[in-house]
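What follows is calculated from the coordinates using simple rules that are stated; it is not laboratory data. All figures in this text were calculated on a predicted structure; none of them were measured in a lab. Positions of Cβ are generated from backbone atoms using ideal geometry, with glycine treated the same way; all protein chains shown enter the neighbour counts.
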Amino acid sequence: MTPFDPNAAAQPDSGVFGLPFTPEEAKVVLLPVPFEATTSYGGGTADGPEQILQASRQVDLFDLDTGRPYEVGISMLPHPENVRAWNDEAKALAAPIVESGGLDVDEAALAKVNALSEKMNDWVYQTAKKWMAEGKIVGLVGGDHSTPFGCIKAHAEKYPNLGVLHLDAHADLRDAYEGFTWSHASIMFNVMKHVPGVRKLVQVGIRDFGEAEYTMIRESDGRIHTFFDARLARARLDGMPWREQVDAIVNELPQHVYLSWDIDGLEPTLCPDTGTPVPGGLTFAQAVALLEGVVRAGKKIVGFDLNEVSDGGGGNEWNANVGSRLLYKMIGWTLVSQGLLKT
């Protein structure tokens with residue numbers, strides 16, 4: 001491999017974060033999933049992985065918190081044309097159903113969308129398992145928030161009693177939203193239903209949810225613990241430091257932690273073109289402090305995903321700029337938690 005200069009400008013055809021590593025050489029392998037078949041408001045998240053790849057080349061590689069994450073090797077797999085083709089087919093079939101709010105359903109089209117989503121899930125699961133078996137840390141870059149189901153399933157099989165730390169504006173606990181079994185609004189419902197290896201779901205920043213989702217949380221016997229954004233904000237206004245709130249959040253997690261982060265968990269100024277922005281949310285600094293808190297508590301981050309980055313079709317590069325920087329922070333703290341970096 002050609003000697004790498006971390007201070008040199010990244011080349012346009014370089015890898016993620018301007019790095020030269022192949023997946024075989026890298027310790028961290030990123031799985032791009034350009035899929036958004038069931039998006040119910042704004043779109044464009046299928047382009048998120050490519051936009052993050054482009055924006056990542058502008059990220060400075062030395063990080064004040066974690067040092068030099070790039071040294072262990074980070075690589076993004078080639079963008080999967082088969083997944084993009086499934087997305088395009090499924091999205092066209094889903095569009096009339098979405099436009100009717102799920103009231104006007106072509107059952108054949110609905111069945112086909114669900115089948116294509118299952119193909120995507122299986123592809124993600126098999127691909128994640130393959131690279132995990134080779135000793136890689138696997139992270140997924142979506143796509144909408146339906147995309148990481150297979151990745152979470154693969155990690156839960158390897159790490160029984162897994163905890164999922166879910167940052168999001170939405171609870172994502174809807175059962176077959178608009179008829180779509182694998183809707184982006186149903187990712188955590190499906191994880192809770194189909195992945196028994198997930199011992200605990202800890203949700204942060206949630207501020208948009210239905211009564212049925214609230215009931216599911218309350219009746220989960222503690223398997224789901226939701227830190228609602230309004231209550232976190234009220235406590236901060238009353239003087240509770242964010243560090244204390246982070247400690248309370250992290251205390252709910254088991255030893256092995258998987259991060260499932262939707263960019264709209266952040267405040268909308270940081271992701272204005274994401275599909276379903278909601279007022280409130282975490283600042284960038286609060287999100288990073290949450291990562292640090294997981295590691296401070298001695299927990300081990302074993303995998304992660306980042307989803308819902310979109311420019312809304314308008315070419316606003318700010319969304320991917322923030323997304324790529326958050327992704328680098330997620331990678332860095334994952335490596336620190338595994339003893340692969342010294343802070």
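For segment 132-142, 3J(HN,Hα) computed residue by residue from phi via the Karplus equation (6.51, -1.76, 1.60; θ = phi - 60°) reads 5, 5, 8, x, 8, 7, 10, x, 10, 10, x Hz, glycine and proline entered as x.
Each Lys or Arg adds one and each Asp or Glu takes one away; over the other residues whose Cβ falls under 11 Å from the Cβ of residue 338, this sums to +3.
Fully extending the segment from residue 316 to residue 118 would add 68.1 nm, taking 0.36 nm per residue of separation and subtracting the current Cα-Cα distance.
Calculate one ³J(HN,Hα) per residue across segment 290-305 by plugging θ = phi - 60° into the Karplus curve 6.51 cos²θ - 1.76 cosθ + 1.60, and present them in order as whole Hz with x for glycine and proline. Result, ordered by residue: 5, 4, 4, x, 4, 6, 4, 7, x, 7, 10, 7, 9, x, 6, 9 Hz.
Using the structure shown, list the pairs from 112/329; 27/153; 193/342; 112/299; 27/112 with a Cα-Cα distance above 32 Å, or answer none. Checking Cα-Cα distances, 112/329; 193/342; 112/299; 27/112 exceed 32 Å. Amide H contacts of residue 140: 31, 304, 305, 306, each under 5 Å away and 5 or more positions distant or on a separate chain (H built 1.01 Å from N in the peptide plane; Pro and chain starts excluded). Taking segment 62-91 and a reference point 7 angstrom along Cα→Cβ of residue 243, the backbone N atoms nearer than 20 Å belong to 64-67. Each label was represented as a point 7 Å from its Cα along the Cα-to-Cβ direction; for residue 283 and residue 130 these points are 4.3 nm apart. Toward the positive end of the charge dipole of segment 26-337, with +1 on the Cβ of Lys and Arg and -1 on the Cβ of Asp and Glu, the farthest Cα among 334, 309, 287 is that of 334.
Amide hydrogen proximity for residue 203: with H placed 1.01 Å from N in the peptide plane, the residues at 5 or more positions away or on another chain lying under 5 Å are 166, 225, 226, 227. Taking a sphere under 11 Å around the Cβ of residue 240 and counting the other residues whose Cβ falls inside, with K and R at +1 and D and E at -1, yields a net charge of +1.
Taking other Cβ atoms within 10 Å as a rough exposure proxy, 66, 39, 274 sort from fewest to most as 66, 39, 274. Using R0 = 25 Å, the C-beta based FRET efficiency linking residue 342 and residue 158 works out to 0.50. Counting only DSSP beta bridges whose two residues both lie in the chain, roughly 5 percent are antiparallel. Going by neighbour counts of Cβ atoms within 10 Å, the residues 229, 5 line up, fewest first, as 5, 229. Helical runs (DSSP H, four residues minimum) scored at -39500 (n - 2.57) apiece and divided by the length of the chain put the mean residue ellipticity at 222 nm at -12000 deg cm²/dmol.
Rounded to the nearest 20, the size of the Cβ-charge dipole of segment 1-142 about its Cα centre is 340 debye, with Lys and Arg at +1 and Asp and Glu at -1.
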